[in-house]
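This report concerns only the one structure given below.
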Amino acid sequence: MLFFSFFKSLVGKEVIVELKNDLSVCGILHSVDQYLNIKLMDISVPDTERYPHMISVKNCFIRGSVVRYVQLPAEEIDVQLLQDATRKEVAQLKSQQAAQTASSK
């Protein structure tokens, strides 16, 4: 859930999504769901010679399972906040596991 929450905070920002088939798509993040499916608006493709059919496409939906990387704007990333959220999530999972272990004895 951490990544989902993080991506939701980037709605309206420009991102570059690299797909597993080596296609990179640059656009404005319109929405993201719990499966990390991404909807981009006003897209462009840097390599138009290799992907000429993408020139006329303006909006796209990208299934989360085909995403290799998402490049984010550096100024939008609060590293300290992400680290704190990750630590809290790990601590919460450990306490849940400990509670389950104690209840099963």
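Ordering Val79, Val70 by how much accessible area each has at a 1.4 Å probe, largest first, what is the list?
Details: Val79 85, Val70 40 Å².
My answer, sorted largest first, is Val79, Val70.
In the stretch 24-89, if the dipole is taken from +1 on Lys/Arg beta carbons and -1 on Asp/Glu beta carbons about the Cα centre, which of Val66, Ile43, Leu29 is farthest to the positive end?
Highest projection toward the positive end goes to Val66.
Dividing the convex hull volume of the Cα atoms of the stretch 1-95 by its residue count, what figure in Å³ per residue is obtained? Walk me through the intermediate numbers first.
Working: hull volume 9.1 nm³, N = 95.
Value for the stretch 1-95: 95 Å³ per residue.
Loop-only check: which chymotrypsin sites (Phe, Trp or Tyr not before Pro) in the stretch 13-94 are DSSP coil with at most 15 other Cβ within 10 angstrom? It would help to have the intermediate numbers written out before the result.
Details: sites: Tyr35, Phe61, Tyr69; in loops: Tyr35.
Sites meeting the loop and neighbour criteria: Tyr35.
Once both axes come from the Cα atoms, what is the angle between helix 79-104 and the longest principal axis of the chain, in degrees from 0 to 90, rounded to 10?
Here the helix axis deviates by roughly 40 degrees.
Let me check against my output: what whole-number percent is the relative contact order of the chain, with C-alpha pairs under 8 Å and at least 6 apart?
Values: 141 pairs, mean separation 25.6, N = 105.
Once normalised by length, the contact order is 24 percent.
Taking all protein chains together and a probe of 1.4 Å, list Leu29, Leu93 from the most accessible to the least accessible.
Working: Leu29 5, Leu93 90 Å².
The ordering from most to least exposed comes out as Leu93, Leu29.
How high is the FRET efficiency from Val90 to Asp47, r the C-beta distance, R0 30 Å, rounded to 0.05?
On the way: r = 39 Å, r/R0 = 1.29.
Efficiency computed from Cβ-Cβ geometry: 0.20.
Under a 1.4 Å probe, what is the accessible area of the stretch 1-99 per residue, stated in Å²?
Values: 6790 Å² over 99 residues.
With all protein chains present, the stretch 1-99 gives 69 Å² per residue.
Quick one: pull the percent of accessible area on the stretch 1-77 belonging to carbon and sulfur, 1.4 Å probe, ligands and nucleic acids left out.
About 54 percent, which is the carbon plus sulfur part of the accessible surface.
Can you tell me which lysines have their Cα less than 23 Å from the Cα of Lys8? Leave out same-chain residues fewer than eight positions away.
Within the straight-line limit of under 23 Å, Lys8 reaches these lysines: Lys20, Lys39, Lys58, Lys88.
The values are calculated or read from the model by the stated rules, or taken from the named source; none is laboratory data. From a predicted model like this one, the values you see are computed outputs, not experimental measurements. Reconstructed Cβ throughout: ideal geometry from the backbone, glycine too, with neighbour counts over all protein chains shown. For accessibility, only protein heavy atoms count, side chains too; no ligands or nucleic acids. Shrake-Rupley method; radii C 1.70, N 1.55, O 1.52, S 1.80 Å.
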